[in-house]
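Q: Dumping the structure here so I can ask a few things about it.
The values are calculated or read from the model by the stated rules, or taken from the named source; none is laboratory data. For clarity, every value in this text was computed on a predicted model and none was experimentally measured. Neighbour counts run over all protein chains shown; Cβ positions are idealised from the backbone, glycine included. Heavy atoms of the whole protein, side chains included, go into the accessibility calculation; ligands, DNA and RNA do not. Shrake-Rupley method; radii C 1.70, N 1.55, O 1.52, S 1.80 Å.
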Amino acid sequence: MRTALASLALLSTATPAAAQLSPAEETMVRTVEAHFEEDVTLLERITNVNSGTHNHEGVRAVGQMLVPEFEALGFDVEWIDQSHVDRAGHLFARREGDNDAPRILMIGHIDTVFEPSSPFQHFERDGDRATGPGVVDDKGGIVVILAALRAMEAAGTLDGANIVVALTGDEEDAGDPIEQSRQHLIEAGQWADVALGFEGLSVVEGRDMGVVARRSSNSWTLTTSGRTGHSSGVFSEGAGYGAIYEMARILDAFRVQLPEENLTYNVGFMAGGTPAEMGADNLSATAVGKTNIIPDSAVARGDLRTLTQEQTDRAVAAMQAIVDANLPGTDAQIEFAFRYPPMAPSEGNTALFEALNAINADLGLEPMGVFPPARRGAADISFVAPYADGLAGMGPDGAGSHAEGESVDLRSFIRQAQRAAILMSRLAENPGAREE
């Protein structure tokens, strides 16, 4: 449950009174630096095991490689099978601390977009830069999580902390129905006061940025129909306009009438003719027709991205109204598939960001700016955003995610793990900051 008291406690840490690192925090800083090469070795090990989302054996194998890492830190580890949604499963690690300490959820994912058929399979290091499938998205994020937790253990701040680490095995292609594939993550979000997402750090012109909001990722399917007949009768009272003109009317009305900040609604593909049909995979469409025949059907699919649930509801209502205003002789239907909800901006998220910037000051790092939410895609942290204050982008700095040649700045592991360890320790040291 989100708590106002937790947010107020966070705000108090973001004041000039926190002028320097404590001895425990100095220990965390040194520990992260001392274990840097070990962290890189772990990254290499897990990167060289393919864990494409649909390679269930590989996802489970990487999960098993991580079990002893968490157990060594005193976590109870559970593998949650997801075969009922045709996915490998999730790795959850839990550590119980003080009853009155805030509950912290750390989120990452084991899977990558690179299946065994991809030619991009191996970790390669060149100085402080490395390439490999998932080195930043999100195996690098997992290494940052472990580095931060080890630093807390060394400093003695892990003992009082209530922490759940949720590593999903299908973030890149969530199992369906999503209500089942994200059930355990949502339950963890309902337990938590604070959620930290360890996907890649956002960097703009060399400046690290904080992520306090992310947009949703949903989709829509539009079908239109019309009276078919000889093309010479098109536009007439008897024949009407046909399915393709109706489709064009709707899509252009979306373009003209819907624009507002942080809202996008891309058209991914479309087809029209006599007939036009959506492919069984919902990722393709086919059509046939002749120039002298009025088309009887058209289909299109696209996405819908919003910053808040209110914006989602408003956009859906506006799109439905446009779809219902049919041209003569036509009909249209639109269906929405809601997958990833938005991580909306909130006072609690802002308080966490301010606490993080206080830590930056104590570490001698440049203050972070707020990364524009429209520039980040959806992520698992969005599922817990209604329940817990959150920050995303806590993973390492990298480039080329989802593409061959994906790379990571290995030195960014240090500052990201230090930031996370100190932030979680300061949270854990605020007894009474949560309310039942």
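Q: Along Cα→Cβ, 7 Å out, is where each label goes; now give me the distance between the ones at Glu347 and Arg207 in nm to one decimal.
A: The answer from the label model is 2.7 nm.
Q: Could you look at the range 60-208 and say what percent of its accessible area is carbon and sulfur, using a 1.4 Å probe and all protein chains?
A: 42
Q: With springs only between Cα atoms under 10 Å apart, run a GNM on the chain and tell me which of Ala276, Ala378, Ala166 wobbles the most.
A: Ala276
Q: Report Rg/Rh for the chain, rounded to two decimals, where Rg is the Cα radius of gyration and Rh the Kirkwood radius.
A: Looking at the chain, the ratio lands at 1.06.
Q: Quick check: convex hull of the Cα atoms in the range 302-436, volume per residue, rounded to a whole Å³?
A: So the per-residue hull volume is 153 Å³.
Q: Whole number in Å², please: accessible area per residue of the range 275-405, 1.4 Å probe, ligands, DNA and RNA not counted.
A: I get 43 Å² per residue for this part.
Q: In debye, nearest 20, what is the charge dipole magnitude of the chain about its Cα centre with +1 on Lys and Arg Cβ and -1 on Asp and Glu Cβ, if you could check? Working shown, then result.
A: Details: 31 positive and 64 negative charges, 196 e Å.
I would put it at about 940 debye.
Q: Let me ask you something else. Let me have the 222 nm mean residue ellipticity of the chain computed from DSSP H runs of 4+ only, each contributing -39500 (n - 2.57), with the sum over all residues rounded to the nearest 500.
A: -10500 deg cm²/dmol
Q: Could I ask something else about it? If one takes the longest principal axis of the Cα atoms in the chain, at what angle in degrees, from 0 to 90 and to the nearest 10, does the Cα axis of helix 347-363 lie?
A: Its long axis makes an angle of about 40 degrees.
Q: Looking only at the chain, where both bridge partners belong to it, what percent of the DSSP beta bridges are antiparallel (to the nearest 5)?
A: 75
Q: State in Å² the accessible area per residue of the range 86-170; use a 1.4 Å probe, count heavy atoms of protein chains only, and round to the nearest integer.
A: Spelled out: the 1.4 Å probe surface of the range 86-170, per residue, equals 29 Å².
Q: Take the Cα coordinates of the range 53-207, assign each an equal point scatterer, and use the Debye formula without solvent to give log10 I(q)/I(0) at q = 0.09, 0.10, 0.17 Å⁻¹.
A: -0.30, -0.37, -1.05
Q: Something else about it: What nm distance separates the two modelled labels at Arg375 and Phe36, each placed 7 Å from Cα along Cα→Cβ?
A: Label-label distance for Arg375 and Phe36, simple model: 2.6 nm.
Q: Now, a different point. Can you find, among Ile104, Met424, Val234, the residue sitting farthest towards the positive end of the charge dipole of the chain, where Lys and Arg contribute +1 and Asp and Glu -1 at Cβ?
A: Result: Val234.
Q: Further, regarding this structure: GNM, the chain, Cα, under 10 Å: largest mean-square fluctuation among Ser231, Ser217, Ser51?
A: Its mean-square fluctuation being the largest, the pick is Ser231.
Q: May I pose another question? So what's the gap between the Cα centers of the range 321-346 and the range 397-428, to the nearest angstrom?
A: Their Cα centres are 37 Å away from one another.
Q: Using the Cα atoms as the points, what is the convex hull volume per residue of the range 187-229 in Å³?
A: 179
Q: Just to be sure I understand: with springs between alpha-carbon atoms less than 10 Å apart, which residue in Gly63, Gly127, Gly189 has the highest mean-square fluctuation in the Gaussian network model of the chain?
A: Checking each option, the largest mean-square fluctuation is seen for Gly127.
Q: For the range 327-436, which whole percent of the accessible surface, found with a 1.4 angstrom probe, sits on carbon and sulfur atoms?
A: 52
Q: For helix 36-47, what angle does its Cα long axis make with the longest principal axis of the chain, in degrees from 0 to 90 and rounded to 10?
A: So the helix axis and the longest Cα principal axis differ by about 30 degrees.
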